[in-house]
1. Label points 7 Å out from Cα along the Cβ direction at GLU31 and GLN18: separation in nm?
2. To the nearest whole percent, what portion of all C-alpha pairs in the range 3-95 is separated by more than 16 angstrom?
3. What's the angle, to the nearest 10 degrees (0 to 90), between helix 74-95's Cα axis and the longest principal axis of the chain?
4. For the chain, give the magnitude of the charge dipole about the Cα centre (Cβ charges: +1 Lys/Arg, -1 Asp/Glu; no others), in debye to the nearest 20.
5. What residues of the range 30-54 lie in the reach of a label at VAL64, counting those whose backbone N is under 20 Å from a point 7 Å from the Cα along Cα→Cβ?
6. Taking the 0 to 90 degree range and rounding to the nearest ten, how far is the long axis of helix 3-72 tilted relative to the main principal axis of the chain, both from C-alpha atoms?
7. Rank VAL85, ASN6, ASN49 by how far each Cα sits towards the positive end of the charge dipole of the chain (+1 on Lys, Arg Cβ; -1 on Asp, Glu Cβ) and give me just the farthest.
8. Identify the residues of the range 23-66 with backbone N under 20 Å of a label point that sits 7 angstrom from the Cα of ALA77 along the Cα-to-Cβ direction, or state none.
Amino acid sequence: MTDENNKLLIDLEVRIKQLLFFCDSLKDENERLKSEIKLRQEQIDEAKNDLKVLKTKYDSLKTVRTITAASVDVDTAKLKLSKLVREVDKCINLLK
């Protein structure tokens, strides 16, 4: 072989080694990213479960609040409704 062919062969070997190194680094990065995706998915699943629990608690609190408000504030609600009816009657009289 000639010197030029040897240089080309050496250059080719160097480039192949660079490509192999680059391929290995991409494989490592790919594994790291897959691991990160798995971690993020686990965090999302945990957050969804927390959200489900919180929604259940919130619905329970709304129910309790409704029951409590219904039993305690019946008189207050009647007074507010009476006041509202009087205001509507005044408006109707003004329109006549």
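1. It works out to 2.5 nm between the two label points.
2. Details: 3395 of 4278 pairs.
More than 16 Å apart: 79 percent of the Cα pairs in the range 3-95.
3. 80
4. Working: 20 positive and 18 negative charges, 287 e Å.
That gives a dipole near 1380 debye.
5. 50-54
6. 10
7. My answer, from the dipole projection, is VAL85.
8. 59-66
The numbers here are math on the coordinates, done by the rules we state, and not lab data. Computed from a predicted structure; not experimentally measured. Neighbour counts are summed over all protein chains in view; Cβ atoms, including those assigned to glycine, are modelled from backbone coordinates with ideal geometry.
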